[in-house]
Structures are given as C-alpha cells and as structure tokens.
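One structure is given below, encoded as structure tokens.
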Amino acid sequence: MKKQTSRMSGGRIMASLIVLLGSLAYVMVFAVINGTLGFLCSMGVTVFGAVGIAKALGEQIALSYGWIIGLTVGLGVMRGALRFVEQYCNHYIAFRLLAVLRDKIFTALRRLCPAKLESKQKGSIISMLTSDIETLEVFYAHTVSPICIAITVSTAVFLFVGFVSSWYLSLVALAGFIAVGIIAPLVSSSLMRDAGVKYRARFSAFNAYFLDSIKGIKDIVLNNAGDIRKNEVDERSEELLKHTHELKYKIANATAFTEFTVSFMTLVATAVAVALVLAGKISVGKAIIGVVAIFGSFGPVIAISALPGNLTQTFASGDRVLKLLGEKPVVERIENGIKFDFDDLEVKDLYFGYEKDNAVLEDICMNAKRGEIVGIVGESGCGKSTLLKLLMRFWSKDGGEILYNGNEIETINSDNLLDNVTMVSQSTYLFDETIADNLRIAKEDATDEELENACRQASIHEFICQMAGGYDTKAGALGDNLSAGEKQRIGLARAFLRGSGLILLDEPTSNVDSINEGIILRSLAEQKKDKAIILVSHRESTMAIADRVYRIDKGRISEVAR
Ligand SMILES: Nc1ncnc2c1ncn2[C@@H]1O[C@H](COP(=O)(O)OP(=O)(O)OP(=O)(O)O)[C@@H](O)[C@H]1O
Ligand SMILES: [Mg+2]
C-alpha cells in the first residue's frame, strides 16, 4: 500500500507544474511580454504627465506638448489592449491546462485503478479531481505571469530611473521592490503558514462533516438525531469562524505592512529627490520624472505580495496532483501478454492479504470450466468478494497460482483478461446517462435487439419498458429512485451483454424477489451452456442452481459435498 511521503519543496513543485505546461509555455511567455509592456504603458501615462510638467518647469525636453499628450493618450489605449491580450493568454493557458490536467489525472487513475479506488483514499481522490484542479487554474492564470511581470517591470523601472533621473533614486526604488515583493511575502507567508494550514484543515474537515451530514440526513432523521447533529455543526462552524478570524487578521496585517512599505518608500524617494535637487545633482524636472516613475511602479510587486495566501494552497494542490501523476500502480497493466479464449480456470494455493501478515485468503484451491455454475458461500467478511477481485486482477496475489487455460494470470494481456472475465459487483453504478448508454458501456456497439435480449435475461426489460422514456430514460432523472434490485439487474444485463466466457456474480440476486430471481436463475442456467459462472450468494435458493459449491471459512476453502 502507498506510504505517505513528505511534501516536495515549493520550488520543485513550481518547476514541475511549469514543465506540465508543455507547448503552452510559449503562450505564457507571450502573456508575460504583453503584461510587462502593459504595465510599462500604464506607467508611461504618468511618466509622460511628469515629462509635461518638467517641460513646463523649463526642462530641456525634445518633445512638443502635442507629442507628449499624444503619447500619453496612445499609451493609455495600448495599455488596455495589452492587458486584454495578457489576460486572454493567461486564461487560455489556464483552461487548456485544466482540460490537460483532467485528462492526465483520469489517465493516471485508470492506470492505478481499481486498487486505488478500492482503497480508503477514495474521498481524497474526488476532492483532488475537483478542488485541486481548480486551485491549479489560479496558479497558471494568476501566479506565474505576475511574478515574471514583477521582475521585468521592476528591472525596467530601475534602469529607466537610473538613466533618465538618478541612480540614487533607482536604488531607493530597488530597495522598495525588494521589501514589498520579496521580504514582505516571505515574512507574511512564514507568519501565516500555521494559521493557513490550520484553517484549511478545519475548513476541509468541516466541509466533509457537513457533506456527510447531508448525505446521511435520512438516517439522522430516522434516528431522531437531528438536534445533536445540528449542535455539532454549530460548534464546528464556530470553531472554523475562530480560525477564519485568525487568518484574516494576519492577512490584514500583511496587507497593511505592504501598503505601509509602499508609502514609506515613496516618501523616501521624494525626500531623496528633494535632497538631490538641493544639492544641485539633478534638475527639478528630472526629479519629478524619477519620483513619478517610482510612484507608479509598485503595482506588479504588490500583486506578488498578495500571492502567499494562495501559494501555500497551490503548492499543496500541486503536490497532490503531481504525486498522483507519478504514482506507481499496485497492479501493472500488461500490454504484450498472452491472449486466450476462456475454457477453464484453476486456482492453486492462492494466498492474499490486504495488509502484510494479515491474510484474508490462504491456500485457496478451486476450479471452474465452461458449462458449469460454481457456487461460493461463506460468512460475511470471509473474503468471497476478495477472491472474485483477485480473479480479475484488481490486486496482485501474494502467493499461489491463478491459471486461465493453464496460463498464469500475471502473464495475460490486461485487456484480454477483461474481455474474458466479467464481474457484477455487489453494487452497480449507474451513470447520469440513458439506460441504453448505461448498458452500452459493456458493449459499445450493441444493437437495440442485443440490449433487449440482455435485459430480458436479467429480468429488467419489462421494468424499463414501463418507464415513459423506455431505454432512453435518463438514469440520473431517476436519481436514487431505482431500487437496489433494479440496479442490480441492470448490472446483470451489462454482464450478459458483455458476453465473456467467465462471469463472476457477487450476490446477483440479494435484492431481487423470488419471481425475478427465478427468471434470472433460468437465464443463468441457459447461459452456462457455453460459459462458466462463479456465483457468490448467501441464498439457498440461488445456490440450488450451482453444479458445485465451495465454502470459504477463516480464509480457507473446501468443496461442499452435496
Ligand atoms: N480494500 C480493502 N482494504 C482492506 N481490507 C479490505 C478491503 N476490502 C475488503 N477488506 C477486508 O477483507 C475482508 C474480506 O472482505 P470481502 O469483501 O472479500 O468479504 P465478503 O466475503 O465478500 O463479505 P460479504 O459477504 O459481506 O460481501 C474483510 O475483513 C474486509 O474488511
Ligand atoms: Mg462481498
């Protein structure tokens, strides 16, 4: 099972996330160029204003007033256009990347399944698919380019002020950029880290509790436990509020610090400019141009100082997603394995445990061949479903052999195995699609006739026909209103449609009444002519159709004499 490894460093996460960009990196460079030029244009508006004032004060400026006004207006318009292109590019990248990430995560899950989704981490995977990917959107759209823009704009301002006005003023600006863009974010992120981590942990715990309460509301009402639950929700909500206050207080402090630093540095710049003018080092006009350029240049670094709150979260999301993408599956897919056409199954001395030294199944020996129905009985929790899952290679066995037509399961092509062996598990999932679509996941190109046939065999055809939309009724529209038995029979119909040589049925009739059970059992008896069926059931009536029956007890199996 997967061990919890420590988190990667922020820098590595960021680098890996940028590598995921692939060819979209060019679009990001384009976005950064546009963003930088856009900022410079917006500063140009105020700087040319200052140039106008400097000219009025008698500074030697080669430009006419007409040119100065024209440039100011032109830069203002350009600023709008450049900003549009920058935002367009960033969101283009972000949304394209969302699609790419979803695709990558889905591919990774397919590789890791079914073991991964059988494990206890199922909840966190669902949260990853939704919230983590959204968080990464923020990273790509609103994190990378602001940082690049801040660096380039600050460098440009530093050089501009130095060459046009004074290098002393440039140094003041540089100190301001470092204080606002580097020191403030580092200090505030270290101050906020604990509060942020605590807040997010509480927030997700609260969400989970709340969702759990809503999902289980029926049982809460049935047990008259509403008041207790409500009080608990209130208490947890209060506690979350406390942590929210704490975090917001720290964020407000950080923002205040940033604003203070910006104001302070502009004051220092003004003071230095005045001193330089008094000392006769620069003219008043140049001093004004320098100070105005510095005034307008803090925007990009302020944007960075607003990042840390998001960044910790982004890194946590990035870390989870990257780990999942790199995770090794419990069971490796076999691409170039043996292909077979099912005739018989032989299990020899099979040994398996979900955890080390805690065997669920020991020395399991059994067999099944075309033309027979083999039953498996045993107490709840004895490992019946586990055995069926091992036959489908959901998990890798810890010892013994599973042989299909004499071929060891670990040497068989994964797709081929799934074509030959079909399992109907204890719960059937219906997608929010039509009944016909739900059936066709078993056989994409099945004709309507084939669908009907399979449904008749599973004794569900009449029920489907009764619905207004028939086979085109949306399963989602029925919500949870399909009974457990109806869902189970749709699961069975899927298995019949798939047409594999070996069908594994885990309690296929547990929720079905005796009339429908009779129909299903008759179909099974008919199907066994050219198939093998392994049937797990607690029901005596169901077991009656089995040709042979095995009993699992305390991890061991024995054939029941009948
Ligand atoms: N994914 C899993 N991880 C760890 N333990 C598991 C997992 N799935 C099942 N188990 C444990 O393995 C044992 C066998 O479970 P299994 O589902 O095979 O029983 P079963 O015979 O099918 O029971 P039932 O008749 O109730 O369906 C149980 O103790 C169960 O708690
Ligand atoms: Mg079971």
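The values are calculated or read from the model by the stated rules, or taken from the named source; none is laboratory data. Predicted model only: the values in this text are computed from it and were never measured. Cβ coordinates were reconstructed from backbone atoms using ideal geometry, including for glycine residues, and neighbour counts include every protein chain displayed. Areas reflect the complete protein model, heavy atoms only, side chains present, ligands, DNA and RNA absent. Shrake-Rupley method; radii C 1.70, N 1.55, O 1.52, S 1.80 Å.
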> Residue check: is Leu418 of a type in the set (A, V, I, L, M) and open to solvent by 60 Å² or more (accessible area, probe 1.4 Å)?
Replying inline: yes
> If Gly49 satisfies every condition in (1) assigned to a loop (DSSP other than H, G, I, E, B); (2) touching a residue at least 24 places away in the same chain (Cβ under 8 Å) but one, which is the exception?
Replying inline: (1)
>> Among (1) part of a helix (DSSP H, G or I); (2) crowded, with 24+ Cβ neighbours inside 10 Å; (3) of a type outside the set (Gly, Ala, Ser), there is one condition Pro508 misses while meeting the rest; what is its number?
In response: (1)
> Regarding Leu361, is this residue open to solvent by less than 10 Å² (accessible area, probe 1.4 Å), within 16 Å of ligand 2 (Cβ to nearest atom) and within 24 Å of Gln527 (Cα to Cα)?
Replying inline: no
>> From the list Asp547, Asp513, Asp530, exactly one residue is free of Cβ contacts under 8 Å to residues at least 60 places away in the same chain, away from ligand 2 (no atom under 16 Å from the Cβ) and open to solvent by 60 Å² or more (accessible area, probe 1.4 Å). Which is it?
In response: Asp513
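Going by the conditions given, is Glu134 away from ligand 2 (no atom under 16 Å from the Cβ), assigned to a helix (DSSP H, G or I), out of contact with any Lys or Arg (no Cβ under 6 Å at 6 or more places or on another chain) and within 20 Å of Gln313 (Cβ to Cβ)?
On the way: away from ligand 2 (no atom under 16 Å from the Cβ): yes; assigned to a helix (DSSP H, G or I): yes; out of contact with any Lys or Arg (no Cβ under 6 Å at 6 or more places or on another chain): yes; within 20 Å of Gln313 (Cβ to Cβ): yes.
So Glu134 fits the description; yes.
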> Would segment 380-394 turn up any residue that is of a type in the set (Phe, Trp, Tyr) and farther than 20 Å from Phe496 by Cβ?
Replying inline: yes
> Pick from segment 398-419 the residues that are more than 28 Å from Ala525 (Cβ to Cβ) and in a loop (DSSP other than H, G, I, E, B): which of them is nearest to ligand 2 (Cβ to nearest atom)?
Replying inline: Asp398
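So that you can scan it fast, the table gives a plain yes or no per residue for (1) surrounded by fewer than 21 Cβ atoms within 10 Å (Cβ to Cβ); (2) in a helix (DSSP H, G or I):
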{"residue": "Tyr429", "(1), (2)": "yes, no"}
{"residue": "Asn438", "(1), (2)": "no, yes"}
{"residue": "Cys455", "(1), (2)": "no, yes"}
{"residue": "Ile490", "(1), (2)": "no, yes"}
{"residue": "Ala495", "(1), (2)": "no, yes"}
{"residue": "Leu504", "(1), (2)": "no, no"}
>> Of the residues Glu238, Glu246, Glu259, only one is loosely packed, with under 12 Cβ neighbours inside 10 Å, over 30 Å from Gln60 (Cα atoms) and either of a type in the set (D, E, K, R) or more than 38 Å from the chain's Cα centre (by Cα) (or both); which?
In response: Glu238
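Suppose the filter is open to solvent by less than 10 Å² (accessible area, probe 1.4 Å), away from ligand 1 (no atom under 16 Å from the Cβ) and either under 26 Å from Val330 (Cα atoms) or not in a helix (DSSP H, G or I) (or both); does Ala446 pass it?
Values: open to solvent by less than 10 Å² (accessible area, probe 1.4 Å): yes; away from ligand 1 (no atom under 16 Å from the Cβ): yes; either under 26 Å from Val330 (Cα atoms) or not in a helix (DSSP H, G or I) (or both): yes.
Here the answer is yes, as Ala446 does meet what is asked.
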>> Criterion first (within 14 Å of ligand 2 (Cβ to nearest atom) and surrounded by fewer than 19 Cβ atoms within 10 Å (Cβ to Cβ)) does Glu372 satisfy it?
In response: no
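Applying the selection to segment 284-332, what residues are outside any helix (DSSP H, G or I) and buried (at least 23 other Cβ atoms within 10 Å of the Cβ)?
Here is the first cut: in segment 284-332, the residues outside any helix (DSSP H, G or I) are 296-298, 306-307, 327-332.
Hits for segment 284-332 are Ser297, Phe298.
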> Can you tell me which residue in segment 105-120 is modelled with the lowest pLDDT, limited to those that are open to solvent by less than 80 Å² (accessible area, probe 1.4 Å) and in a loop (DSSP other than H, G, I, E, B)?
Replying inline: Ser119
> For segment 52-85, how many residues are among the small types (Gly, Ala, Ser) and part of a loop (DSSP other than H, G, I, E, B)?
Replying inline: 3
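Confirm whether Gly123 is assigned to a helix (DSSP H, G or I), at pLDDT 85 or above and out of contact with any strand residue (DSSP E or B) (no Cβ under 9 Å at 6 or more places or on another chain).
Values: assigned to a helix (DSSP H, G or I): yes; at pLDDT 85 or above: no; out of contact with any strand residue (DSSP E or B) (no Cβ under 9 Å at 6 or more places or on another chain): yes.
So Gly123 fails the test.
Please specify each residue of segment 53-97 satisfying the condition of being of a type in the set (Gly, Ala, Ser) and surrounded by fewer than 17 Cβ atoms within 10 Å (Cβ to Cβ). Please lay out each step first, then the result.
We begin by selecting, within segment 53-97, every residue of a type in the set (Gly, Ala, Ser); these are 54, 56, 58, 62, 64, 66, 70, 74, 76, 80-81, 94.
Correct list: Ala56, Gly58, Ala62, Ser64, Gly66, Gly70, Gly74, Gly76, Gly80, Ala81.
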